[in-house]
Amino acid sequence: MEYVIEMLNITKEFPGIIANDDITLQVKQGEIHALLGENGAGKSTLMSVLFGLYQPEKGMIKIKGEEVKIKNPNEANRYAIGMVHQHFKLVHNFTVLENIVLGVEETNKGIIKLENARKKVLDLSHRYHLNVDPDALISDITVGMQQRVEILKMLFRDNEILIFDEPTAVLTPQEISELMKIMKELVREGKSIIFITHKLNEIKEVADRCTILRKGRYIDTVDVASTSKEELSEMMVGRKVNLTVEKQEASPQQTILKVDHLSYRPVHAHKNVLTNISFEARAGEIVCIAGIDGNGQTELVYALTGMIEATEGKVFLKDKDISKESVRQRALDGMAHIPEDRHKHGLILDYNLSENLILKNYFDEAHQKHGFINFKRMKEDALRLIDKFDIRSGQQDKTIVRSMSGGNQQKAIVAREIDTNADLLIAVQPTRGLDVGAIEYIHKQLIEQRDQGKAVLLVSLELDEVMNVSDRILVMYEGEIVANLNPKEITTQELGLYMAGSKRGEGL
Ligand SMILES: Nc1ncnc2c1ncn2[C@@H]1O[C@H](COP(=O)(O)OP(=O)(O)OP(=O)(O)O)[C@@H](O)[C@H]1O
Ligand SMILES: [Mg+2]
């Protein structure tokens, strides 16, 4: 039998939208099969159908030629199907090991036995170079590590068909290349992988075949080696996409953000997470903070936006000392922030889209009177932003944000923040999880903000983005800024050396 998995003519509807409209996906044994499509095209929905989270209205699923009904994820597991979700499903106050065994615990007289599990986890972790600490709490480990825990969960259950829903969106370039190796190793051992990603380079690198979806419909399944990136993106978006960023030379003006000898040491920590950070971002320039994940970028942004208080040093916004200001006051002073963690800090998932779009200004005069929200205004704002930023969902402004596709949630945040028209836009991984068409659009928006005389502070792990979008690059390494570079004067390789700490800029 050629196919391990066949999803035939699958249709799945949600209120106001047909998420999957007669989609067919056939996966061969031992292949990496990419699933490509715009934000909201229906990829995660299709995978949730395969994983038993949703029941399709129409269509059938065959495993090795035999029709099956997958009623829930436990049944999917019994068919050896495992899934790493786009937004992880881990219990944050459990340890790594507890999360991995959850649901398949070995017990003795009602007591959970973890010793065998621990051994198996350590073996798997070692074998696939996952490097996880079984006793760490999920809430204490990085997103990249959390993902490895999700991978271990599948391996621990001996799953044969592995679904990766945008695994690389949250990873650093180094972690991505490690994941690619892991994936290749897994298929070499006979496992089959369905791989969702928006990054065409990754598809070219690991995938054998690729199925393309657009607006809930099946477009084609192609052989990856004989299809160019341009062809892939055109099939997916339905038009030609410019994969390079076009912009004029920057002409920086007055200083908007000034960071002055900022240091941060968490309570009880033995060393600084940020050490003596000083830099400026001026009107009309895009300054990028580059670095490998975990070198203090997150804390720097927290300190700038008021989510933590720096231990030493000051932050000025247009000459005003904002070091002690609240998050809201900083926003009112002219700071917009696209946060790194969209679920934790960017959205209220159980609010609808229009409510989320006014989170930054519901309290101002235009949006409320005597404590009552101006619903007419709220709806107008929402519809305008939905249209301008092409935010797709089932029920427009009334859609509960939790039900929106990951990329469209991100677009909602970007729309809200850019719309505040702030002098400083701090954008952390703004294109994470976006499709190529949306990335093109967001990059244009960042450049437009710059050209309108705003200062943009872009924090990105994506080397291409760093090199193509920024006017100046500050590299962070172990909590310090170790280089101030002109992207035109360096190569990606050199940038990599600074990021790895093996090179340091002068005069810093
Ligand atoms: N539980 C749900 N309730 C209502 N609508 C939903 C639900 N899940 C998905 N949708 C809608 O179905 C459509 C497809 O969503 P899906 O998450 O499958 O997209 P996707 O291809 O994975 O996109 P992305 O690349 O942004 O992750 C979207 O318009 C989304 O709003
Ligand atoms: Mg998705």
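The values are calculated or read from the model by the stated rules, or taken from the named source; none is laboratory data. Because the structure is predicted, anything quoted here is derived from the model rather than measured. FYI the Cβ positions are ideal-geometry reconstructions off the backbone, even for glycines, and counts take in every protein chain you see.
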Within the stretch 392-413, tally of residues that are within 16 Å of Ile348 (Cβ to Cβ), away from ligand 2 (no atom under 13 Å from the Cβ) and part of a loop (DSSP other than H, G, I, E, B): 1
Selection count, the stretch 432-448, where residues are part of a helix (DSSP H, G or I), over 16 Å from Leu243 (Cβ atoms) and within 15 Å of ligand 1 (Cβ to nearest atom): 0
Qualifying residue in the stretch 227-242 (condition: within 16 Å of ligand 1 (Cβ to nearest atom), modelled with pLDDT under 95 and out of contact with any strand residue (DSSP E or B) (no Cβ under 8 Å at 6 or more places or on another chain)): yes
The stretch 25-55: number of residues that are under 18 Å from Thr197 (Cα atoms), in a loop (DSSP other than H, G, I, E, B) and away from ligand 2 (no atom under 16 Å from the Cβ): 1
Test result for Gly284, small (Gly, Ala, Ser) and over 20 Å from Thr431 (Cβ atoms): yes
Matching residues in the stretch 328-342 - criterion: being exposed (fewer than 15 other Cβ atoms within 10 Å of the Cβ) and under 21 Å from the mean Cα position of the chain (by Cα): Asp341
Hey, Ile481 assigned to a strand (DSSP E or B) and touching a Leu at 6+ places or on another chain (Cβ under 9 Å) or not: yes
Residue match in the stretch 225-232 (condition: among the hydroxyl-bearing types (Ser, Thr, Tyr), more than 20 Å from Ile23 (Cα to Cα) and part of a helix (DSSP H, G or I)): no
Matching entry among Ile32, Ile18, Ile23 (being more than 11 Å from ligand 1 (Cβ to nearest atom) and either at positive phi or at pLDDT 95 or above (or both)): Ile32
Residue ID - surrounded by the most Cβ atoms within 10 Å (Cβ to Cβ), chosen from residues in the stretch 74-84 that are away from ligand 2 (no atom under 13 Å from the Cβ) and not basic (Lys, Arg): Ile81
Top-ranked residue of the stretch 151-172 - restricted to ones that are in a helix (DSSP H, G or I) and away from ligand 1 (no atom under 16 Å from the Cβ), ranked as farthest from the chain's Cα centre (by Cα): Phe156
Hits in the stretch 21-38 (condition: more than 20 Å from Arg209 (Cα to Cα) and either basic (Lys, Arg) or buried (at least 22 other Cβ atoms within 10 Å of the Cβ) (or both)): none
The stretch 401-431, subset small (Gly, Ala, Ser) and more than 8 Å from ligand 1 (Cβ to nearest atom), residue farthest from Gly16 (Cα to Cα): Ala422
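From the list Lys58, Lys71, pick out the single residue that is touching a strand residue (DSSP E or B) at 6+ places or on another chain (Cβ under 6 Å), among the charged types (D, E, K, R) and more than 16 Å from ligand 2 (Cβ to nearest atom).
Lys58
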Test: residue in the stretch 156-164 that is within 16 Å of ligand 2 (Cβ to nearest atom), touching a helix residue (DSSP H, G or I) at 6+ places or on another chain (Cβ under 8 Å) and under 24 Å from Phe195 (Cα atoms): yes
Filter result (of a type in the set (A, V, I, L, M, F, W, C) and part of a loop (DSSP other than H, G, I, E, B)) within the stretch 197-224: Ala207, Val224
